[in-house]
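Structure record follows, encoded as C-alpha cells.
The values are calculated or read from the model by the stated rules, or taken from the named source; none is laboratory data. In this text the structure is predicted, and so the values were computed from the model without any measurement. We place every Cβ from the backbone using ideal geometry, glycine too, and count neighbours over all the protein chains shown.
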Amino acid sequence: SKVGKYLLGKTLGEGWNSKVKIAIDTETNKQYAMKIMYTDDAKDQEDFDLRLFLILMSNEVQRLQKLPTHPNIIQLVDYNWEAKLVQKSGIEKDVLTVVLELAKGGDLFNYIFAINKGFSEPIARYYFIQLINAIEFMHNNNVVHRDLKLENLLLDDNYNLKIADFGLSTTVESSYGGGVMYTRVGTERYMPPEMLEKNAYIGICADLFAAGVILFVLVMGMMPTHKSAESNDYL
C-alpha cells in the first residue's frame, strides 16, 4: 500500500479506526512512522467521534510545529488531512496522515514489562535526565504535554529517549509554561491529586508530577499507587 510518496510497511500499533505504520519515503528511502486515520471507515460507525480524533491529530501537529528541534522530542516530518491510501488491489481510501520520526527502540513501558523490575540506578538516571531536559525545553517554549507516561516515551536506534504523542498537549501564555488549567485530560495513574479531584491545576506541575511517577516506575518497576491522593504515603 502507498500514501503519496510513502510506501507502507509493517504495523507498529493500532487504535480506533487508525494504525501506526512504518512509512518509507520512496524519494529518499528513509523510514518514518505514519499515523493513519481511516476516515471512510469512521463515517460508517455511529459511535466514533471522527471530529475528536481529528482535533487530537491536528493538536499534535500544531504543537510539534511550534517546538524547535530537541534531541529528546519526536520530530514532525509531514502531514496530510486529505490523503489517499492506495491498496495493492488499486482500491483507494480517504485517510488523515501524520508522519513522524521513527523511534525503532519501542517504548519504555515494554522494557519495564519485559524485565518485570526497575532499571539499575545509572540507567534510570540516564533516561530521567533526558526526560527532564525535554520537559524543561517544552515548558520554556510554553508547551505542556499533559499525558506523560512510559508508553509515550520512545527510544531511537541508539536507545535515546523521545517524548511522543502530543495530542493532549496545549500551549500557555505565561513566561514559563505554568498557566492555570481546568480540562482534565491524560492518564489517571500519572495525574496529580488536583486533576483527579477536578480542580484547577498548573500545567507545568502536572507534567512534573507525571515525571515523578515515571522516575518511581523506572527505579521500582511498579506504579507508586493506583491513583494519587494527598494522603498517599509515597507522594
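A few points about this structure:
- Those residues of the range 144-180 which are modelled with pLDDT of 95 or more, over 18 Å from TYR190 (Cα atoms) and touching a Lys or Arg at 6+ places or on another chain (Cβ under 8 Å), in sequence order: LEU155, ASP156
- Scanning the range 187-224 for residues that are in a loop (DSSP other than H, G, I, E, B) and surrounded by 22 or more Cβ atoms within 10 Å (Cβ to Cβ) returns MET191, PRO192.
- Single unsatisfied condition, LYS84 versus (1) more than 24 Å from MET138 (Cβ to Cβ); (2) part of a strand (DSSP E or B); (3) without any contact (Cβ under 8 Å) to a residue 40 or more places away in the chain: (3)
- Index of the failed condition, ASN133 passing every other in (1) more than 16 Å from the chain's Cα centre (by Cα); (2) of a type in the set (S, T, N, Q); (3) in a strand (DSSP E or B): (3)
- Scanning the range 20-32 for residues that are of a type in the set (Lys, Arg) and crowded, with 17+ Cβ neighbours inside 10 Å yields a count of 1.
- Annotation note: of VAL95, VAL99, the sole residue that is at pLDDT 95 or above and crowded, with 16+ Cβ neighbours inside 10 Å is VAL99.
- Comparison of ALA83, ALA114, ALA164, ALA134 shows that the only residue that is farther than 26 Å from MET57 by Cβ and among the small types (Gly, Ala, Ser) is ALA114.
- Any hit, the range 219-226, residues being among the β-branched types (Val, Ile, Thr) and either in the same structural domain as HIS139 (by TED's automatic domain parsing) or modelled with pLDDT of 80 or more (or both): yes
- Residues in the range 62-81 that are within 17 Å of ALA23 (Cβ to Cβ) and not in a strand (DSSP E or B): LEU64, ILE74, GLN75.
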